[in-house]
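K.L.:
Before we start, here is the structure in question, set down as structure tokens.
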Amino acid sequence: MTRNIAVIRGDGIGPEIVEQAVRVLDRVAALYGHTFTYTDVDMGGNAIDKWGDPLPREMLDKCLESDSVLLGAVGGPKWNDVPGPMRPEKGLLRLRAGMGVYSNNRPAKIWPQLAAASPLKQEIVDKGIDFLIVRELIGGIYFGKHETVSQNAEAVAIDELRYSESEIRRIGRIGFESARKRRKKLCSVEKSNVLDSSRLWKKVMHQLAEEYPDVELSDMLVDNCAMQIVKDPSQFDVIVTENMFGDILSDEASMITGSIGMIPSSSLGAGSRGLYEPIHGSAPDIAGMDIANPIGTILAAAMMLRYSFDLPQEADCIEAAVSAVLDSGYRTADILPKDAAGCKKAGCREMGSLIIENLRKG
């Protein structure tokens, strides 16, 4: 198999962690007889510095011409004062919209080797943490009209939240299909006691449920869901929700697994091309220090192999290698316990090398 991957190294620790993911992909390609080629793409702060635009059209076109996109992280305080439409994060929003990836899928799964790192009580962790958050990605308040106007001699900020039936239906279908492949439980999260958009969301989800009689659908208000994720995460299988709620809940869910450095995500649309990235930020305070955790990015590459390239054995190979390295006691700084007995600290590049050494063809 030959595939071209658009690589966005980004800002902060982005280039360091992406380098390790690319090294892992190259080794997997050698093991299984594939060819992966890479097209470098500028996006975020580095694109602002180089081109005066967080995502020039030429760079978006490179992503659209690729088979999938691997992203590190973008942004940082260096670009805090640039105009709103030119901020690094706007490049990411434009990339998602340009690629038509409307479904962000983020697993919340605790690795057994890191169970002690969860901030939750042991008896809660022991019940299990293994669920998926399906977040609508290119609609809602992040893509609505934003303006600040003057009314009665004071500034008034307005952010528009819109959802159509078709937008809700397509992300809802992803939620049901995902649940069907797991434990057949889907929790639809909204704020229907307050918001019209949420009342429409709930109505459409229940209409869809008639097409999926084998999936158990439940409804939950977003504030209650935030509480339940820390009270009893074992109750969840798949959560489907709108853009802003999903942004917040998926960050909360990542923290109960021990470290955001371990969590990958995929963003998918109608075709096989996807956008794959770790969930953490650019961490500019540790950039260039060789201490960042590359595992989230490496696991994002594994998700790319699984979901966009239909290479499940290769994805399993990467995940097994990560597990083997954790079993050996190696930890980057973010997952190194205070009582480090039996653990060995590894830097970013060393962790990548260790995972490569443990790759075995299945």
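K.L.:
Does the stretch 96-178 come out rounded, prolate or oblate, given a ≥ b ≥ c as the square roots of the eigenvalues of its C-alpha gyration tensor, rounded meaning a/c under 1.5 and, failing that, prolate meaning a/b above b/c?
P.N.:
Values: a/c = 3.42, a/b = 1.70, b/c = 2.01.
It is oblate, given that a/c is not under 1.5 and a/b is not larger than b/c.
K.L.:
Can you work out ³J(HN,Hα) from phi for every residue in the stretch 165-179, in order, using Karplus 6.51 cos²θ - 1.76 cosθ + 1.60 and θ = phi - 60°, giving whole Hz and x for Gly and Pro?
P.N.:
Using θ = phi - 60°, the values come out as 4, 5, 5, 5, 5, 5, 6, x, 5, 4, x, 5, 5, 5, 5 Hz.
K.L.:
Oh, and also: For n ≥ 4 DSSP H runs only, could you compute -39500 (n - 2.57) per run for the chain, divide by its residues and tell me the 222 nm figure to the nearest 500?
P.N.:
After summing the helix terms and dividing by residue count, I get -12000 deg cm²/dmol.
K.L.:
Next question. Ignoring any ligand, DNA or RNA, what whole percent of the accessible area of the chain comes from carbon and sulfur when the probe is 1.4 angstrom?
P.N.:
Carbon plus sulfur share of accessible area: 51 percent.
K.L.:
Ignoring everything but the protein chains, give the 1.4 Å probe accessible area of residue 102 in square angstrom, nearest 10.
P.N.:
Roll a 1.4 Å probe over it and residue 102 shows about 30 Å².
K.L.:
Report the Cα centroid-to-centroid distance between the stretch 143-194 and the stretch 245-291 in angstrom, as an integer.
P.N.:
If we compute the Cα centre of each part, the gap is 20 Å.
K.L.:
Below 16 Å, Cα to Cα, which aspartates and glutamates can residue 78 reach? Residues fewer than 8 away in the same chain don't count.
P.N.:
11, 49, 53, 89, 285
K.L.:
To continue, here is another question. Under 15 Å from a label point 7 Å along Cα→Cβ of residue 2: give me every residue in the stretch 18-34 with its amide N that close.
P.N.:
Under 15 Å, as judged by backbone N against the label point of residue 2, lie 33-34 of the stretch 18-34.
K.L.:
Using 0.36 nm times the number of residues separating residue 130 and residue 31, minus their current alpha carbon distance, what extension gain do you get?
P.N.:
Net length gain for the segment: 32.7 nm.
K.L.:
Where a ≥ b ≥ c are the square roots of the eigenvalues of the C-alpha gyration tensor, would you call the stretch 1-64 rounded, which needs a/c under 1.5, or, failing that, prolate if a/b is larger than b/c, or oblate? Mind dumping the intermediate values first?
P.N.:
On the way: a/c = 5.15, a/b = 1.77, b/c = 2.91.
Oblate, because a/c is 1.5 or more while a/b does not exceed b/c.
K.L.:
Then there's this: Calculated FRET efficiency, residue 86 and residue 310, Cβ-Cβ r, R0 45 Å, to nearest 0.05? Spell out each step's value before the answer.
P.N.:
On the way: r = 38 Å, r/R0 = 0.84.
About 0.75, to the nearest 0.05.
K.L.:
Between residue 193 and residue 350, what is the FRET efficiency for a Förster distance of 41 Å, r being their Cβ-Cβ separation, to the nearest 0.05?
P.N.:
Values: r = 51 Å, r/R0 = 1.23.
Taking R0 as 41 Å, the efficiency between residue 193 and residue 350 is 0.20.
K.L.:
Under a cut-off of 29 Å between alpha-carbon atoms, report the lysines in cross-link reach of residue 191, not counting same-chain residues fewer than 8 places apart.
P.N.:
90, 109, 121, 127, 145, 181, 202, 203, 231
K.L.:
According to a simple spin-label model (label point 7 Å from Cα along Cα-to-Cβ), what is the distance in nm between residue 115 and residue 206?
P.N.:
My value for the distance between the label points is 4.0 nm.
The values are calculated or read from the model by the stated rules, or taken from the named source; none is laboratory data. As the structure is a prediction and not an experimental result, all values here were calculated from the model. A quick note on method: Cβ atoms are made from the backbone with ideal geometry, for glycine too, and the neighbour counts reach across all protein chains shown. Side chains included, ligands, DNA and RNA excluded: accessible areas come from the protein's heavy atoms. Shrake-Rupley method; radii C 1.70, N 1.55, O 1.52, S 1.80 Å.
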